[in-house]
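Student: One structure follows; several queries about it will come next.
What follows is calculated from the coordinates using simple rules that are stated; it is not laboratory data. This one's a predicted model, so the numbers in the text were calculated from it and none came from an experiment. Using ideal geometry, Cβ is built from the backbone for each residue, glycine included, and neighbour counts are taken over all protein chains shown.
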Amino acid sequence: MALSKPFRQTSQAFVPETDLPTLTSRPIERAQGVVRAPGDKSCSHRALILGGLANGTSRFTGLLEGDDVRRTGEAMATLGVGVVCEGPGIWTIDGVGQGGLSSPKSALDFGNSGTGSRLMMGVLAGYDFAAQMTGDDSLSSRPMRRVITPLTEMGATFETSDGGRLPLTMHGKAPLAAIDFAPPQASAQVKSAILLAGLRADGETRVREAKPTRDHTERMLRRFGVEVEVSRNDAGVRTVGISGGQSLAAVETSIPGDPSSAAFLLAAGLISPKGNVLVESVMSNETRDGFLRVAALMGAELGAEETGDAAGERLIDVQALSSELRGVEVPSGFVPAMIDEFPILAVLAAVATGTTIVTGAAELRVKESDRIAAIVAMLRVNGVRAEETEDGFVIEGCGGRV
Ligand code: S3P
């Protein structure tokens, strides 16, 4: 069942400088319905990459088919992997096995995708050939040194544009040297790039995370038969270790539903006066559930039921009912587990009663856009009182009257 009254586009006017359509939204009484979450974007990238590195043919259902994921598929195909779409969300990947990728005949264009470009740098670091990487204007302005620095330590070399950015040419090396690295920023992309390079290194590569980030690479590597060591010390530092030279065995799996996409639909259920939204088959993973935890702190009426698993991840159905929300101080420890959900959390904060304060989220400034600036600008345009801080924002909730 679709939501009973979706937001309608009411104008075809175009803003000349950006070519963006003008959309008008109106409050609705009843956001109600049952929807299935689309495939998780992070898992979809990893499925295409690991499928390509495996021995044999992998088959995925429910793969997200957005532009970012397609670019990763195209990059794998340019490197000699058989990538075939059999139907909506159904993809087969003819893996070439560890060490089997071939030198690309053209530049790998990652479009807007930080995940695709950074993870593929990790993959290609262990290959004795050159690869050119490009992306759109936004991706070309994003920091890549966070990945280049550890991969250089492992033996790869890079010729970058100013500031260590795309477009770049990288030269891999086989084998790489294993490293023990503590990334200065909480980033699953950095961790994943190093672990993927670690597959082609001599010895054990370790990544130490002061603030644990999404762990889909670790889980999916295991699903492909790779041994990954994970430990946590008393200070909460999570260490992930991987030994080089392991091979991957092809898998057949569905892709778990995306908690980031689910968050938008659940938020509609929470803030509409007669809201009742059920999202099915959502990935349940403590490295991704910060939005649900913060919404619960705000007073959200949420329910969840476990329904199975997919690609090494647990699945739940999540229900959101219309709720009276209150502003909160978001615990900074939750930030990595909700890094992509701050725009929709800000919407909850705008309709809540009281003040919501976000700190420790400076990483939001180096996403596809400066998300702190974008969130505050969008709220202000809609009449909400909001302020940027260096590493977060403060929102004065309207108590339901936006
Ligand atoms: C992702 C990690 C996060 C997230 C991005 C997807 C991933 O980025 O924001 O949308 O799939 O590893 P960072 O690693 O930059 O935090």
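Student: Using the Karplus curve 6.51 cos²θ - 1.76 cosθ + 1.60 with θ = phi - 60°, work out ³J(HN,Hα) for each residue of region 155-168 in order, rounded to whole Hz, and write x for Gly and Pro.
Tutor: x, 6, 10, 9, 10, 10, 6, 3, x, x, 10, 6, x, 9
Student: Now a separate question. Rank by packing, highest mean first: peptides 76-82, 241-247, with packing defined as the count of other Cβ atoms within 10 Å averaged across residues.
Tutor: In decreasing order of mean packing, 76-82, 241-247 become 76-82, 241-247.
Student: Between the DSSP loop rule and a limit of at most 13 other Cβ atoms within 10 Å, which GluC sites (Glu not before Pro) in region 213-269 are left?
Tutor: Numbers: sites: E218, E227, E229, E252; in loops: E227.
Here the sparse-neighbourhood loop sites are E227.
Student: Continuing with the same structure: Using only alpha carbon positions, build the gyration tensor of region 315-402, then give the equivalent ellipsoid semi-axes as the square roots of 5 times its eigenvalues, largest first, whole angstrom. Each step should come with its number before you reach the end.
Tutor: On the way: eigenvalues 75, 63, 28 Å².
For region 315-402, the ellipsoid semi-axes come out as 19, 18, 12 Å.
Student: Here is a further query. Looking at the chain as a GNM with Cα springs under 10 Å, which of L23, L278, L53 has the largest mean-square fluctuation?
Tutor: It is L23.
Student: For a quick check of your reading of the filter: which GluC sites (Glu not before Pro) in region 336-402 sit in a DSSP loop and have no more than 14 other Cβ atoms within 10 Å?
Tutor: Values: sites: E341, E363, E368, E387, E388, E390, E396; in loops: E341, E368, E390.
When the GluC sites (Glu not before Pro) of region 336-402 are filtered for loop state and at most 14 Cβ neighbours within 10 Å, E390 remain.
Student: I'd like the Kirkwood hydrodynamic radius of the chain, using the inverse of the mean 1/r over distinct C-alpha pairs, in Å. Don't skip to the answer; put the middle values down first.
Tutor: Details: mean 1/r = 0.0454 Å⁻¹.
After inverting the pairwise mean of 1/r, the radius is 22.0 Å.
Student: Are there trypsin sites (Lys or Arg not before Pro) in region 81-174 that DSSP puts in a loop and that have at most 15 other Cβ atoms within 10 Å, and which ones?
Tutor: Values: sites: K105, R118, R145, R146, R165, K173; in loops: K105, K173.
The qualifying sites are K105.
Student: Could you work out how much longer the chain between F129 and V237 gets when fully extended? Use 0.36 nm per residue separation minus the Cα distance between them, nm to one decimal.
Tutor: Numbers: separation 108, 0.36 × 108 = 38.88 nm, distance 3.51 nm.
Between F129 and V237, full extension yields 35.4 nm more.
Student: Given a Förster radius of 30 Å and the C-beta distance between E153 and D67 as r, what FRET efficiency does 1/(1 + (r/R0)^6) yield to the nearest 0.05?
Tutor: Working: r = 32 Å, r/R0 = 1.06.
E between E153 and D67, to the nearest 0.05, is 0.40.
Student: If region 86-183 were replaced by its equivalent ellipsoid, with semi-axes equal to the square roots of 5 times the Cα gyration tensor eigenvalues, what would those be, largest first, whole Å?
Tutor: Values: eigenvalues 95, 71, 34 Å².
One finds semi-axes of 22, 19, 13 Å for region 86-183.
Student: With point charges of +1 on the Cβ of Lys and Arg and -1 on the Cβ of Asp and Glu, referenced to the Cα centre of region 103-237, which listed residue (A177, L221, F129) lies farthest in the positive direction of the dipole?
Tutor: Selected residue: L221.
Student: With +1 assigned to the C-beta of every Lys and Arg and -1 to the C-beta of every Asp and Glu, and no other charges, what is the dipole magnitude of the chain about the Cα centre in debye, to the nearest 20? Show your work: numbers first, answer last.
Tutor: Details: 39 positive and 49 negative charges, 61 e Å.
In debye, rounded to 20, the chain gives about 300.
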